[in-house]
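> Sharing a structure below in structure tokens format, with a few things to ask.
The values are calculated or read from the model by the stated rules, or taken from the named source; none is laboratory data. Model, not experiment: these values are computed from the prediction. Because the Cβ atoms are built from the backbone with ideal geometry, glycine has one as well, and the counts that use them run over all protein chains shown. The area values use the complete protein model at the heavy-atom level, side chains included, leaving out ligands, DNA and RNA. Shrake-Rupley method; radii C 1.70, N 1.55, O 1.52, S 1.80 Å.
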Amino acid sequence: MSVHLKQDSVDDRNVLDKTGQGVIGEPIERPEGLLKVTGTAPYAAEFKIPDCLEGVLVTAPILRGKVKSIDRDAVLSMPGVVAVLSDERMTGRAAQGMANAAPFQPAQDVEYWGQPVALVVAESFEEARDAAKHLPIEYETEEGPIDPAAVETSPAQDPTRQGDLAQAMNEAAHSVDVTITTEGHASAAMEPHAAIAQWDGSSLSVHASLQMLKFNRTELADSLGLDESKVRLLSPYVGGGFGSKLGISQEAVAASIAAMELGRPVRVVMSRQQVFQTIMRRTETQQRIRLAADADGKLTGFGHEARISNLPNEDFPEPVIQSSQFLYAGENRLLTLDMARIHRMTAGSVRAPGEAVGVQTVEQAMDMLAEKIGIDPIELRLKNLPDQHPVKGMPYSSRKLAECLQQGAEAFGWEKRPRKPRHTREGEWWIGTGVASAARIHAVVEAKARVSLQPDGTGMVESDMTDIGTGTYSILSQIAGEMLGLEPKDVLVRLGDTDFPPGSGSGGSMGASSTGSAVFLACEDLREQLARKLNVEPASMVLKDGFARWDGGQKALTELLDGDEITATGHFEPGDSTEDNLVSSFGAFFAEVAVNHWTGESRVRRMTGAFGFGRVLNRRTARSQCLGGMTWCIGNALTESLLFDPVDGHLANCDLAEYHVPVHRDVPDLQVLMLEERDGAASPIQAKGVGELGLCGGAGAIANAIYDACGARVFEYPMTPDRVLAALERV
Ligand code: MOS
């Protein structure tokens with residue numbers, strides 16, 4: 001049985017609130033948790049494949065040019081070396097997954113420092129690495145632009161223009177016009193990119209670390225010239241992706257080509273440095289924010305003009321202005337996104353593309369405006385929540401932003417403004433607090449999942465959906481358990497294999513709502529199948545603890561199934577419900593920061609996040625998503641920055657020592673409030689995206705707290721001690 005829904009209308013039946021098991025939303029532990037913490041969950045590179053060769057990628061130490069020659073013979077006689085491959089299909093750039101449907105692009109030319117140009121294959125990893133280091137390659141080099149500020153830009157998307165922003169600024173009682181910069185980010189997933197490819201002469205099977213298997217299978221088949229049915233991908237466990245594994249990259253293509261040519265399995269694991277230099281970066285940005293307000297603090301104008309970069313011929317535009325479309329009021333609006341073309345590795349999706357860097361700057365400007373008007377920054381935000389989409393006029397499907405600001409303020413202990421900075425000092429440290437809103441657009445995508453009830457009364461869910469650390473295994477077992485009247489431990493969830501029905505994949509905070517809805521649809525069908533067996537209406541039947549109960553009786557599922565298995569495939573597709581409504585997750589951040597008067601060092605002391613993202617499917621894993629996002633906010637605000645050499649353009653800080661993601665000592669106790677809501681436009685399970693929400697705006701709360709502490713406005717992210725010191729000197 002297959003059941004299909006294209007969601008054109010709002011589903012406010014709230015079915016999951018009316019079922020009997022009571023496991024939806026519960027903070028159950030991850031079914032795969034024990035495997036992960038004991039190191040026995042196999043990640044891509046860890047599968048034990050007999051007779052496996054090892055491949056090491058050789059990358060170009062030039063910005064731009066051509067490979068003139070590769071002296072294969074120089075290394076082929078080295079111990080253990082089997083082959084040197086330089087197929088152009090395995091060079092080039094990472095695909096961008098479904099982000100822009102861009103394929104894996106082969107390249108004859110070198111376009112960025114760190115681009116793979118060859119693969120050395122040997123019997124052992126050490127032999128392959130040694131030969132890779134000694135492989136003589138001659139290049140013909142070319143100059144290329146590397147400084148995004150020094151090149152002309154062109155529009156990356158159509159601007160949003162409404163009214164006359166310049167005039168609104170002229171006539172405003174209060175206004176802010178500020179330019180803020182952010183630097184590039186690395187996704188910095190813990191598990192490096194890795195693949196083991198096996199070719200049996202006609203079909204290819206690849207253990208890989210990927211986020212979106214359905215798309216990745218197409219990309220890999222296309223790049224190899226194979227029929228999709230000949231390619232199987234396996235990613236049961238993924239150690240984070242954060243955008244960098246949305247599309248396939250060079251290690252998977254190289255391992256596949258080598259396996260096909262050499263007739264033996266081949267493993268290719270990227271080094272940490274290669275992951276940083278080769279795969280993907282978040283673009284740096286320059287953003288001008290203009291806010292115009294009347295005497296009461298109502299916004300009359302809203303401007304957000306952003307400058308980003310990417311490689312020549314690479315389409316992905318970091319959607320910096322995405323939630324500026326709908327977050328705040330302002331009749332007169334100007335939103336633009338302009339692209340500079342430079343030779344750095346592909347700019348792609350990294351942890352909440354767009355809002356991760358776009359909201360924090362708007363939130364800083366809002367803080368400055370509140371100060372000018374002389375009102376509390378929370379009040380300014382509350383005054384400017386539009387009744388409908390300010391440009392398109394559609395309604396918000398749900399929005400807990402005001403409640404998040406209010407309840408978050410209470411939980412945090414927010415002290416009302418206005419107040420002058422430098423009000424509190426503890427020894428060398430100035431102490432201050434700041435607030436910011438959170439916003440992240442919600443999206444859903446087509447997904448399928450198969451659910452079955454086994455003769456023994458247990459459930460099974462199968463989809464090629466991935467769990468990249470987010471909790472997919474948990475929530476799918478809860479959705480199926482709730483619908484079928486089973487404890488989640490009695491539902492086996494099998495993921496990460498393209499032999500299963502194609503799910504949504506994990507990306508853009510879409511996975512839970514999309515694949516979760518496919519599981520939900522399949523379960524609705526199974527409930528109907530069971531009700532038919534009982535000759536009752538599905539609505540009058542309660543499934544609980546392995547029993548079906550109805551008015552007048554009860555029966556164990558095992559008895560009802562009578563030795564048979566029943567199965568249904570759910571097929572969910574987004575429709576008009578997310579077109580006719582503005583569907584977004586919202587929230588608020590509060591931060592307390594200490595700034596050292598002498599060194600400019602900033603330490604986050606505590607942070608509260610309050611979030612509304614529709615139905616909470618599992619309070620433990622959802623909270624963990626929020627904690628992860630808030631941790632990224634600290635990195636975004638204070639430490640994370642890709643540093644490119646201004647002379648040769650190479651990425652200088654390409655490991656986790658030099659590229660500083662917040663570590664344990666940087667992260668204080670984080671408080672998370674989850675405000676339950678039901679959003680039937682978002683999905684048939686009334687859930688919205690949460691994965692990336694916790695990152696979208698919080699760095700602005702930290703920036704505003706730095707100002708409240710020491711009186712210095714810093715306009716460059718990350719706010720490193722040198723930048724804070726320089727700003728302190730201007731106070
Ligand atoms: Mo996300 S940056 O779409 O994995």
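> Can you say what percent of the DSSP beta bridges in the chain, counting only those with both residues inside, are antiparallel? Round to 5.
Details: 98 of 134 bridges.
Just about 75 percent of them are antiparallel.
> Please report how far the C-alpha centroid of the stretch 134-199 lies from that of the stretch 442-500, rounded to the nearest whole angstrom.
One Cα centre to the other: 37 Å.
> For the stretch 456-469, in order, what is each residue's ³J(HN,Hα) by Karplus, 6.51 cos²θ - 1.76 cosθ + 1.60 with θ = phi - 60°, in whole Hz (x at glycine and Pro)?
7, x, 8, x, 9, 10, 9, 7, 7, 3, 10, 10, 9, x
> How big is the gap, in Å, between the Cα center of the stretch 648-679 and the Cα center of the stretch 684-712?
12 Å
> Also, I was wondering about something else. Wrap a convex hull around the Cα atoms of the stretch 434-525, take a quarter of its surface area, and give that in square nanometres. Working shown, then result.
Working: hull surface 28.8 nm².
For the Cα atoms of the stretch 434-525, the hull's average projected area reads 7.2 nm².
> Just to confirm, what accessible area per residue do you get for the chain at 1.4 Å probe, in whole Å²?
Details: 26470 Å² over 731 residues.
With all protein chains present, the chain gives 36 Å² per residue.
> Report the charge-dipole magnitude of the stretch 461-510 in Debye, nearest 20, computed about the Cα centre from +1 at each Lys and Arg Cβ and -1 at each Asp and Glu Cβ. Show your work: numbers first, answer last.
Values: 2 positive and 8 negative charges, 24 e Å.
Charge dipole of the stretch 461-510: 120 debye, to the nearest 20.
> Further, regarding this structure: In the full protein assembly as shown, how much of Arg605 is accessible to a 1.4 Å probe, in Å² to the nearest 10?
Spelled out: Arg605, probe radius 1.4 Å, area about 90 Å².
> In debye, nearest 20, what is the charge dipole magnitude of the chain about its Cα centre with +1 on Lys and Arg Cβ and -1 on Asp and Glu Cβ, if you could check?
Working: 69 positive and 101 negative charges, 290 e Å.
Computed about the Cα centre, the dipole is about 1400 debye.
> Taking 8 Å as the Cα distance limit and 6 or more residues as the minimum spacing, I'd like the relative contact order of the chain as a percentage.
Relative contact order here is 18 percent.
> Rounded to the nearest 5, what % of the DSSP beta bridges within the stretch 267-398 are antiparallel ones? Each step should come with its number before you reach the end.
Details: 9 of 20 bridges.
Around 45 percent antiparallel, to the nearest 5.
> Once the piece of chain linking Asp387 and Met190 is laid out straight, how much longer is it, given 0.36 nm per residue of separation minus the C-alpha distance between them?
66.8 nm
> Same structure again: Please enumerate, by chain and number, the lysines with C-alpha under 25 Å from the C-alpha of Lys18, excluding those fewer than 8 residues away in the same chain.
Filter leaves Lys6, Lys400, Lys448, Lys489, Lys533, Lys544, Lys555, Lys688.
> I've got another one for you. Accessible area of the chain with a 1.4 Å probe: how many percent of it is carbon plus sulfur? Intermediate values should be presented prior to the final figure.
Working: 12650 of 26470 Å².
Carbon and sulfur atoms account for 48 percent of the accessible area of the chain.
> If you plug each phi of the stretch 651-657 into the Karplus form 6.51 cos²θ - 1.76 cosθ + 1.60 with θ = phi - 60°, what whole-Hz ³J(HN,Hα) values come out, in order, with x for Gly and Pro?
Each residue's phi maps through the Karplus curve to give 6, 7, 9, 10, 8, 7, 7 Hz.
> If I histogram all Cα-Cα distances within the chain using bins 20 Å wide from 0, what percent of pairs lands in each bin?
Cα pair-distance distribution for the chain, in percent: 17, 47, 30, 5, 0.
> Would you mind giving the three semi-axes, in whole Å and largest first, of the ellipsoid equivalent to the stretch 530-647 according to its Cα gyration tensor? If you can, show how the numbers build up before the last one.
Numbers: eigenvalues 547, 71, 50 Å².
They are 52, 19, 16 Å, listed largest first.
> So, one more: Please list, ordered by chain and number, the residues whose modelled amide H lies under 5 Å from the amide H of Lys298; skip anything fewer than 5 residues away on the same chain.
Under 5 Å from the amide H of Lys298 lies no amide H from a residue far enough along the sequence or on another chain.
> Next question, about the same structure. Pairs of Cα atoms under 8 Å, at least six residues apart: use those to get the relative contact order of the stretch 272-335, whole percent.
On the way: 85 pairs, mean separation 20.6, N = 64.
It rounds to 32 percent for the stretch 272-335.
> Considering only protein heavy atoms, with the full assembly of protein chains and a 1.4 angstrom probe, order Glu54, Glu415, Glu123 by accessible area, largest first.
Numbers: Glu54 25, Glu415 110, Glu123 90 Å².
The residues order as Glu415, Glu123, Glu54, largest area first.
> Label-point separation (nm) for Thr38 and Arg272, each offset 7 Å from Cα along Cα-to-Cβ?
Simple spin-label model gives 2.8 nm for this pair.
> For Asp580 and Asp73 in the same chain, what is the full-extension length gain: residue separation times 0.36 nm, less their Cα-Cα distance, in nm?
176.3 nm
> Let me ask something additional. Near the amide H of Arg232, under 5 Å away, which other amide H atoms are found, from residues 5 or more places off or on another chain, if H is placed in the peptide plane?
Amide H neighbours of Arg232, under 5 Å, 5+ apart: Leu204, Ser205, Val206.
> Cross-link candidates for Lys66: which lysines have Cα within less than 22 Å, leaving aside residues fewer than 8 places away along the same chain?
Lys66 reaches Lys133.
> Ok, one more. Using alpha carbons only, how many angstrom separate the centre of the stretch 27-64 from the centre of the stretch 286-336?
40 Å
> Using the Karplus curve 6.51 cos²θ - 1.76 cosθ + 1.60 with θ = phi - 60°, what ³J(HN,Hα) values do you get for each residue of the stretch 46-56, in whole Hz, with x for Gly and Pro?
Whole-Hz 3J(HN,Hα) from phi for the stretch 46-56: 9, 5, 8, 10, x, 6, 7, 8, 10, x, 10.
> While we're on this one: If amide hydrogens are placed 1.01 Å from N in the peptide plane, which non-local residues have theirs closer than 5 Å to the one on Val238?
Those qualifying (amide H under 5 Å, at least 5 residues apart or on another chain) are Asp467, Gly469.
> Do you know the relative contact order of the stretch 67-182, to the nearest whole percent, from alpha carbon pairs under 8 angstrom that are 6+ apart? Don't skip to the answer; put the middle values down first.
Values: 117 pairs, mean separation 33.6, N = 116.
Rounded, it is 29 percent for the stretch 67-182.
> Here is a follow-up. Between Glu228 and Glu676, what length comes free when the chain is fully extended (0.36 nm per residue of separation minus the Cα-Cα distance, one decimal in nm)? Let's see the in-between values first.
Working: separation 448, 0.36 × 448 = 161.28 nm, distance 4.14 nm.
The span from Glu228 to Glu676 would gain 157.1 nm if fully extended.
> Sticking with this structure for a sec: Probe radius 1.4 Å, ligands and nucleic acids left out: which of Glu559, Glu152 has the largest accessible area, and how do the rest follow?
On the way: Glu559 110, Glu152 165 Å².
Correct descending sequence by accessible area is Glu152, Glu559.
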